[in-house]
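As structure tokens, the structure follows; a few thoughts come after it.
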Amino acid sequence: MDNSERAKPERKKASDFPQGLLDLLDSYVHGVIGRRQFIAGAQKFATGAVSAAALVEMLRPNYAWAIQVPEDDPRIKAQVVAVPSPNGNGHIDCYLVRPAGNSGKLPGVIVVHENRGLNPYIKDVARRLAIAGYMAMAPDGLTSVGGYSGDDENGAKLFQQVDGAKMREDFYAAALYLKARPDCSGKLGAVGFCFGGGVVNYLAVRLGPELAAAVPFYGVQPSAEDAAKIRAPTNAQYAELDTRITGGWPAFDASLTKAGVTHEGHIYPGANHGFHNDTTPRYDEAAAKEAWQRTLDWFNKYLKA
């Protein structure tokens, strides 16, 4: 059966919810408030027909929506590799995907997850890159606490148990490993979402000229001092309604310009933080498709040339 023919559950859109509720969700997802406060806040948006509990359920990720490239797709070959991370948590497990039947050297792309761990959405993003001709590797930052458990709320709790500095070392070790693999062309790119967008910016700082292209989606920007170390052509993606993160773009833009870094920044009108994640109502189809095409175009230009 063609993937387009696969039945998917009915999807709720951001416009189906009050913006205040989506802003509340953003605060919850990023640890500003706890679950109890989130549910109490959602009560303000409940109606006689829809309870606060029902609203919370509607906002949960539905990973059936994220399957664009099935795990058993014959176009790809996937495996899990354990990458040593001596300065981090010892090792980090990574989901490595490449086009099936291609034994030549390919450019590599690190895919960095949100602050929930290596969930099905991020693994699917890696598979999307594989069918586009890349060797994509998605590390699981929760490896040291047992890995992504299959539940995003538990993933958020586990995230708090991992030393942030050591986790960054794990991602750095994964990037070096992918770049040095004998089946990698040596051209390395990085794409990440939310927390992962911030990690992409971190890797751009840390790797300097060793990173050939960076595409952070709504990621926290580095300081001006750190941004001056970036050499990778950077294409940043932001949501208009995500003022918490998007507000940092002008300063980042100025820093990259001063450093002479080739870069672009795109702010999608009416989009919320997480607009590329096609498992939640914050998904914005038009913005996600446009941003993804820009991602592929950027990698094609700087990794395949």
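Below are the figures for this structure:
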quantity: Hey, Lys157 in a helix (DSSP H, G or I), among the basic types (Lys, Arg) and out of contact with any His (no Cβ under 6 Å at 6 or more places or on another chain) or not; calculated: yes
quantity: Phe45 being more than 19 Å from Val199 (Cβ to Cβ), over 20 Å from the mean Cα position of the chain (by Cα), surrounded by 18 or more Cβ atoms within 10 Å (Cβ to Cβ) and not β-branched (Val, Ile, Thr); calculated: no
quantity: Segment 1-50, subset assigned to a helix (DSSP H, G or I) and in contact with a Pro (Cβ under 6 Å, 6 or more places away or on another chain), residue modelled with the highest pLDDT; calculated: Phe45
quantity: Counted residues, segment 90-125 - those being within 21 Å of the chain's Cα centre (by Cα) and part of a loop (DSSP other than H, G, I, E, B); calculated: 7
quantity: Residue list for segment 211-249, filter: part of a loop (DSSP other than H, G, I, E, B), open to solvent by less than 10 Å² (accessible area, probe 1.4 Å) and either out of contact with any Leu (no Cβ under 9 Å at 6 or more places or on another chain) or without any contact (Cβ under 8 Å) to a residue 24 or more places away in the chain (or both); calculated: Tyr218, Gly219, Asp242
quantity: Within segment 151-191, tally of residues that are under 30 Å from Asn62 (Cβ atoms) and aromatic (Phe, Trp, Tyr); calculated: 2
quantity: Positions within segment 52-93 being of a type in the set (S, T, N, Q), out of contact with any Asp or Glu (no Cβ under 7 Å at 6 or more places or on another chain) and open to solvent by 60 Å² or more (accessible area, probe 1.4 Å), in sequence order; calculated: Gln79
quantity: All positions within segment 78-99 that are under 19 Å from Leu296 (Cβ atoms) and hydrophobic (A, V, I, L, M, F, W, C); calculated: Val97
quantity: Any hit, segment 197-209, residues being of a type in the set (Ser, Thr, Tyr) and open to solvent by 40 Å² or more (accessible area, probe 1.4 Å); calculated: yes
quantity: Criterion violated by Ala288 - all others in (1) modelled with pLDDT of 95 or more; (2) surrounded by fewer than 14 Cβ atoms within 10 Å (Cβ to Cβ); (3) not aromatic (Phe, Trp, Tyr) satisfied; calculated: (2)
quantity: Residue ID - most open to solvent (accessible area, probe 1.4 Å), chosen from residues in segment 126-171 that are acidic (Asp, Glu) and touching a residue at least 24 places away in the same chain (Cβ under 8 Å); calculated: Asp163
quantity: Residues satisfying the stated conditions in segment 243-302, i.e. of a type in the set (Lys, Arg) and over 17 Å from Phe193 (Cα atoms); calculated: Lys258, Lys301
quantity: Every residue from segment 166-210 that is over 11 Å from Val112 (Cβ atoms) and assigned to a strand (DSSP E or B); calculated: Cys184, Ser185, Gly186, Lys187, Leu188, Gly189
quantity: Selection status of Ala100, farther than 25 Å from Ala173 by Cβ, out of contact with any Asp or Glu (no Cβ under 7 Å at 6 or more places or on another chain), open to solvent by 30 Å² or more (accessible area, probe 1.4 Å) and modelled with pLDDT under 95; calculated: no
quantity: Filtered residue count, segment 134-154, keeping only those that are assigned to a loop (DSSP other than H, G, I, E, B) and under 19 Å from Gly192 (Cα atoms); calculated: 6
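The values are calculated or read from the model by the stated rules, or taken from the named source; none is laboratory data. None of these values were measured; they are calculated from a predicted model. Quick reminder, even Gly has a Cβ in these numbers, built from the backbone with ideal geometry, and neighbours come from all protein chains shown. Calculation scope for accessible area: heavy atoms of the full protein, side chains included, ligands and nucleic acids excluded. Shrake-Rupley method; radii C 1.70, N 1.55, O 1.52, S 1.80 Å.
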